[in-house]
Amino acid sequence: MVLALIIAMPIFATRAALADATSTETTAQKQAALESQLSQLEGQIDQYETQITADQKKGTTLTSEIATLNADIAKVKLQIQATNLTLQEINNEILDTESQITITQGNVSDEKTAVGELLKAMQRDDAISLLEMFLKDPQISDLWNETQNISLLEANLNTDVVQLNALTDQLQTQNQKLAVSESDATSAQAYEAAQAAQIASTKTTESQLLTQTKGEESAYQTLVTKTKQTATQIRNQIFQLLGGGSLTFAQAYQYAKVASQATGVDPALILAVLDRESALGQNVGKCSYKTAMSPSNIPVFLKIVQQLGLNPDDMMVSCANADGAYGGAMGPAQFEPSTWELYAPGIASVTGDNPPSPWSNADAFVATGLYLKDAMQGCVATYSATVAQERCTAAKYYAGSRWSSYLWTYGEAIVEQAQTFTQDIATINGS
């Protein structure tokens, strides 16, 4: 019995390793196929964006405006396809993770059974004294072998307890990954609906434009003059931040310029990232760190607020996602405490605030610029087109290592918002 248990122990680990290897290979193949399709779509979308930019530079005419609207519709249709592929990738990840969880749960159960059997065997052997063993089988060699088997049994028990603990930790990690992937899928679905609405809105705009102008260029130019937003109106726009504060657009632009000068990042991109009304706006700044924040981040958070002389109970942070992923991001820039601590020296060197505060507008704008600068390094190496680089950079800002799932959701929303802000900045600067 003891020998059988000793031999059986490695079987569970071997089975798990084979299942994991098969699952990983299948997932990698699916991922490669989807990424190839996404790459082709990205190239087509970039072509439309180049066309739209070129049309806008030609001058404001009715013909160019209609062409731009049609190109925008075509571009968004491709974006919906890209979002669908991204959603398919995420769903594959969810299925793969669920499969891994099932396998791991089975391995945990098997390990528990094996440990239980080992314990029962050891209890039976402990109940037999060495004298009883000798009287049962007086051969010294047999007694020695049995004693060695018991020692090996104890060693295997220790190994299995370690393996069981490792499997339990693995199961917790897989469950957290599943929660994050489900959150990604929810965001992709929401943005896909927003993209469909954008197409409908653009078609309505095109129809209204043709109705109002009746196809006459002179009527269109009159309409442009009437509806063009002035610099004064832009300066009076309220720019609301994720942290709950508000600035006029002109004030926010001044902060963004300082951050841009220090980092080289386009101020319009900084403004777009910090804009409250992003396509994937989250429920932020309304929860206590005690309930929303990752346990590993709480000590860093307490250190930050202590250095700033703030009461941690008064400083609200982002809430956890409905799917279970932790919140805990701070202030306008929405940095997690560990990330803020990493960037604090660089922020202080620009703003002079030492320590810098996540809830300070000046510090938050610079923090955003510094993070975007670092994120853009890898994007420049990956993409040649500027717009694609900015889309990638924004996605990395939002989702870190999971950025590829957010290229056509958060990333594209930020790029489009940045383009709008670029026009507003040009109006303010009189260009």
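Numbers for the structure displayed
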{"read-out": "Peptides ranked, highest mean first, by Cβ atoms within 10 Å: ranges 411-421, 77-87, 359-369", "value": "359-369, 411-421, 77-87"}
{"read-out": "Cut-off under 5 Å, modelled amide H: who pairs with Cys287 long-range", "value": "Val317, Cys319"}
{"read-out": "DSSP-loop GluC sites (Glu not before Pro) across segment 43-109, with at most 11 other Cβ within 10 angstrom", "value": "none"}
{"read-out": "Listed peptides 391-397, 403-409 by packing density, highest first (mean Cβ within 10 Å)", "value": "391-397, 403-409"}
{"read-out": "21 Å Cα-Cα threshold exceeded, pairs from Lys75/Lys257; Lys257/Lys373; Lys75/Lys203; Lys30/Lys75; Lys77/Lys177; Lys77/Lys203", "value": "Lys75/Lys257; Lys30/Lys75; Lys77/Lys177"}
{"read-out": "Per-pair calculated FRET efficiency, R0 = 41 Å: Thr159 and Lys257 via Cβ, rounded to 0.05", "value": "0.10"}
{"read-out": "Built amide H within the under 5 Å cut-off of Phe239, gap 5+", "value": "Leu247, Thr248, Phe249"}
{"read-out": "Three-way shape label, segment 293-401, alpha-carbon gyration tensor, a/c 1.5", "value": "oblate"}
{"read-out": "Whole-Å distance, taken between Cα centres, linking segment 368-391 and segment 72-113", "value": "26 Å"}
{"read-out": "Order of Glu111, Glu35, Glu192 - criterion: other Cβ atoms within 10 Å of each residue's Cβ, fewest first", "value": "Glu35, Glu192, Glu111"}
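Since every read-out is calculated from the coordinates, none of them should be taken as a lab result. A quick note: this is a predicted structure, and the numbers were derived from the prediction, not measured. In this analysis, Cβ positions are derived from the backbone assuming ideal geometry, glycine residues included, and neighbour counts consider all displayed protein chains.
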